[in-house]
Amino acid sequence: MSHTLSRAIRIDQHGGPEELKLVQVPVGEPAAGEIRIRHKAIGLNFIDVYQRSGLYPAAMPLQLGMEASGVVEAVGAGVTHLQVGDRAAYASQPPGSYCEVRVMPAKCVCKLPDAIGFDTGAAMMLKGLTAQYLLKRTLPQGGLHAGDFVLFHAAAGGVGLIACQWARALGLRLIGTAGTDAKCALALANGAEHAINYAADDFLARVREITGGKGVKVVYDSVGKDTWDKSLDCLAPFGLMASFGNASGPVAPFSPGILGPKGSIYVTRQTLFTHIATRESNQSMADDLFGVVTSGQVKIHIDQRYPLDNVQQAHRDLEARKTTGCTILTL
């Protein structure tokens with residue numbers, strides 16, 4: 001079998017950003033159900049930090065990265081939705097997008113519309129598909145309707161800015177939180193109806209004030225430990241607490257018995273990869289995302305770019321919450 005060499009970022013053990021090493025790896029031909037893709041840009045996501053640190057344990061050595069865009073170089077047997085030369089983008093298991101070229105499962109790779117550039121494609125897939133399943137599939141009892149209040153933590157992040165715009169397009173009244181006044185202003189500029197600086201204000205008190213004491217139908221929370229307890233108290237009766245990340249650390253164990261007195265509320269822990277487990281589901285969600293982006297209802301903000309060999313700094317800035325919007329690694 002012929003091989004090509006690719007630069008890639010790998011870790012040999014869990015730890016800090018210093019564990020991210022630039023290496024050369026051989027890349028062969030795709031097997032059945034696989035493709036080989038040459039990347040044009042790579043997305044950076046908080047899940048990459050979880051996998052690097054060991055919060056999400058993985059076998060070593062591990063090539064990181066869950067999102068990228070590029071051009072299909074080879075197609076394995078049985079793959080019919082992609083052809084050599086296609087522009088493509090993906091959010092996909094297994095990890096491995098921090099590289100120039102890779103072989104990977106084809107089922108989560110989608111053709112990238114001509115109207116969407118490679119940088120945007122790399123920045124939008126994991127974060128945009130996450131916003132899609134949250135706002136369209138992770139719903140409270142009775143669903144969400146125009147005029148309903150929702151609370152979205154980390155509203156100035158990659159997922160958050162997409163969700164702010166998409167919520168506005170759906171007629172939802174999104175209350176966003178962020179850690180600085182500048183980030184709150186960014187959330188407001190992207191469609192949040194209200195923004196709360198949780199470093200300066202009590203977001204529970206503000207949510208109760210904004211909603212006239214009624215609370216919100218859903219809390220979408222990727223922060224975790226720091227926002228969990230108060231978020232439960234932001235919910236209206238029968239409301240839904242939708243956890244999808246742990247940026248501040250994992251939520252401590254709690255008794256389900258507390259949910260009744262708080263209004264018979266619901267709790268769920270969501271992950272994108274359950275939603276995109278089949279090619280059909282992945283494609284349907286991607287088509288929805290492509291539609292709102294190409295229509296202009298959702299704009300993808302790429303606020304940081306780092307060369308692939310400067311990935312350590314990218315991780316440091318992401319963990320320090322110095323980033324806004326989306327971040328990509330360039331080749």
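The values are calculated or read from the model by the stated rules, or taken from the named source; none is laboratory data. If you're wondering where the values come from, they're calculated on a predicted model, not measured in any experiment. Glycine gets a Cβ as well: all are built from the backbone with ideal geometry, and neighbour counts include every protein chain shown.
Which of the residues spanning the range 93-122 are among the polar types (S, T, N, Q) and surrounded by 24 or more Cβ atoms within 10 Å (Cβ to Cβ)?
If the condition is that a residue be among the polar types (S, T, N, Q) and surrounded by 24 or more Cβ atoms within 10 Å (Cβ to Cβ), then Ser97 is the only one that fits.
Residues in the range 25-84 that are part of a loop (DSSP other than H, G, I, E, B), within 28 Å of His315 (Cβ to Cβ) and among the small types (Gly, Ala, Ser) were compared, and the one that is farthest from the chain's Cα centre (by Cα) is Ala59. Whether a residue is closer than 15 Å to Cys108 by Cβ and not in a strand (DSSP E or B) was assessed, and Gly15 does not pass this test. Given the structure, is Ala88 in contact with a His (Cβ under 6 Å, 6 or more places away or on another chain), free of Cβ contacts under 8 Å to residues at least 60 places away in the same chain and crowded, with 17+ Cβ neighbours inside 10 Å? The answer is no for Ala88.
Annotation note: Cβ proximity below 7 Å between a residue of the range 70-84 that is loosely packed, with under 15 Cβ neighbours inside 10 Å and a residue that is assigned to a strand (DSSP E or B) (sequence gap 6+ or interchain) occurs for Gln83/Val72; Gln83/Val75; Val84/Val72; Val84/Glu73; Val84/Ala74; Val84/Val75.
How many residues are in a helix (DSSP H, G or I) and modelled with pLDDT of 95 or more if we restrict to the range 157-172?
Here the count works out to 11.
Residue-level check: of (1) assigned by TED's automatic domain parsing to the domain that holds Gln304; (2) closer than 25 Å to Gly179 by Cβ; (3) in contact with a helix residue (DSSP H, G or I) (Cβ under 9 Å, 6 or more places away or on another chain), Ala89 misses just (2).
Among the residues of the range 225-256, those that are surrounded by 14 or more Cβ atoms within 10 Å (Cβ to Cβ) and of a type in the set (S, T, N, Q) comprise Thr227, Ser231, Ser243, Asn246, Ser248.
Do you know which residues across the range 266-287 are surrounded by fewer than 16 Cβ atoms within 10 Å (Cβ to Cβ) and closer than 22 Å to Arg168 by Cα? The answer is Ser284, Asp287. A search for C-beta distances below 8 Å between a residue of the range 132-150 that is assigned by TED's automatic domain parsing to the domain that holds Val219 and any residue that is in a loop (DSSP other than H, G, I, E, B) and among the charged types (D, E, K, R), counting only pairs 6+ apart in sequence or on different chains, returns Phe149/Lys214.
Assessment of the range 29-44 against the conditions (over 28 Å from Ile302 (Cα atoms), touching a Lys or Arg at 6+ places or on another chain (Cβ under 9 Å) and either aromatic (Phe, Trp, Tyr) or crowded, with 20+ Cβ neighbours inside 10 Å (or both)) yields at least one matching residue.
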